[in-house]
Amino acid sequence: GAYESPYPSSLHYVSPGSNHVWPYADWSNAAHDIQSAIDATDPGDCVLVSNGYYNTGGRVVDGSMTNRVVVSNAVLVKSVNGPANTVIAGNALVGDEAIRCVYLASNTCLDGFTLQNGSTRTTGDPATERCGGGAWCEPGAVLSNCLVTYNSASLNGGGVYSGLLRNCVITFNAAGVQGGGTCYSELQNSTLSENMATDEGGGCFGGTGINAIV
């Protein structure tokens, strides 16, 4: 029968010390930053990310809200050595200087990262610019094996807004209104601890939980 590879046939690589040659098809020519590799993908591809602290660059998706990484194609973005070694960091200053860690479009997956020090704006669209300091997820987006920590939102979802979270740890995040850890997210085998919200749902607000600890 068939032997199924865990990755699709088209791979793109990210490593800070590489040559940065498009389309980043092997480790020696890997992209220096995650966004460049994502921009080289087609739907169904995979981006493999080596160890690093990724805290430069940014892209606006809605209004004036900047995101450190935008996963717009239906692809898998996966770290090689897990969240202890692979960090996507935003800018923790809530307001005009805010930078969210990650924006995930529908049918995308981010696997094995630490998302930290992300934040949102205090003005603009209430949902897309003021929610989800660590990650903002469209329907069908997945966060897997991630640590989401020290993020904040001026309204809802200090750590994560929406999306499916599998085997994640959400800790030390804060929201100005609802859902310090998560808001309207689906939790599977995940743990939320030591998050806070000013109004409702210090751990989470809305959503569902299966085998989850809050």
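The values are calculated or read from the model by the stated rules, or taken from the named source; none is laboratory data. Remember, predicted model here, so these are calculated numbers, not experimental data. All Cβ positions, glycine included, derive from the backbone under ideal geometry; neighbour counts span all protein chains shown. The protein model used for the area step is the full one, side chains on, heavy atoms only, and it has no ligands, DNA or RNA in it. Shrake-Rupley method; radii C 1.70, N 1.55, O 1.52, S 1.80 Å.
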Once you put a point 7 Å from the Cα of VAL21 and another 7 Å from the Cα of ASP96, both along the Cβ direction, what distance in nm separates them?
4.3 nm
As a check on your grasp of the helix formula, calculate [θ] at 222 nm for the chain: sum -39500 (n - 2.57) over DSSP H runs of n ≥ 4, divide by the residue count, round to the nearest 500.
-500 deg cm²/dmol
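Once the convex hull of the alpha carbons of region 131-198 is built, what does its volume come to per residue, in cubic angstrom? Kindly include the intermediate steps, with their values, before the conclusion.
Working: hull volume 3.7 nm³, N = 68.
About 54 Å³ per residue, rounded to a whole number.
Please compute the net charge surrounding SER144, taking Lys and Arg as +1 and Asp and Glu as -1 over other residues with Cβ under 10 Å from its Cβ.
+1
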Whole-percent tail of the Cα-Cα distance distribution for region 66-214, cut at 23 Å, equals 20 percent
Expressed as a whole percentage, what fraction of the accessible surface of the chain belongs to carbon and sulfur atoms when a 1.4 Å probe is rolled over the protein heavy atoms?
50 percent
How far is it, in nm, from the label point at ASN29 to the one at VAL61 when both lie 7 Å from their Cα along the line to the Cβ?
3.0 nm
Short version: ³J(HN,Hα) in whole Hz for each residue of region 68-79, in order, from phi by Karplus 6.51 cos²θ - 1.76 cosθ + 1.60 (θ = phi - 60°), x for Gly and Pro, what are they?
5, 10, 10, 9, 9, 7, 7, 10, 9, 10, 10, 7
Name the long-range amide H neighbours of THR86: under 5 Å, sequence gap of 5 or more, or other chain; modelled H, no Pro or chain starts.
GLY52, THR114
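Any idea what % of Cα-Cα pairs in region 62-140 are farther than 22 Å? Show your work: numbers first, answer last.
Details: 649 of 3081 pairs.
Counting every Cα pair in region 62-140, those more than 22 Å apart make up 21 percent.
Which FRET efficiency value, to the nearest 0.05, do you get for GLU194 and ASN81 by plugging their Cβ-Cβ distance into 1/(1 + (r/R0)^6) with R0 = 41 Å?
Computed FRET efficiency for GLU194 and ASN81: 0.95.
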Whole-Hz ³J(HN,Hα) from phi, Karplus 6.51 cos²θ - 1.76 cosθ + 1.60, for region 108-116, glycine and proline x
10, 9, 10, 10, x, 10, 9, 10, 9
For a quick check: with amide H placed at 1.01 Å from N, whose amide H comes under 5 Å from THR66's, ignoring anything fewer than 5 positions away on the same chain?
ARG100
Give me the log10 of I(q) over I(0) for region 1-142 at q = 0.19 Å⁻¹, as the Debye formula computes it from C-alpha points; what are the numbers?
-1.06
Could you tally the net charge around ILE170, taking each other residue with its Cβ under 14 Å from the Cβ of ILE170, Lys/Arg +1 and Asp/Glu -1?
-1
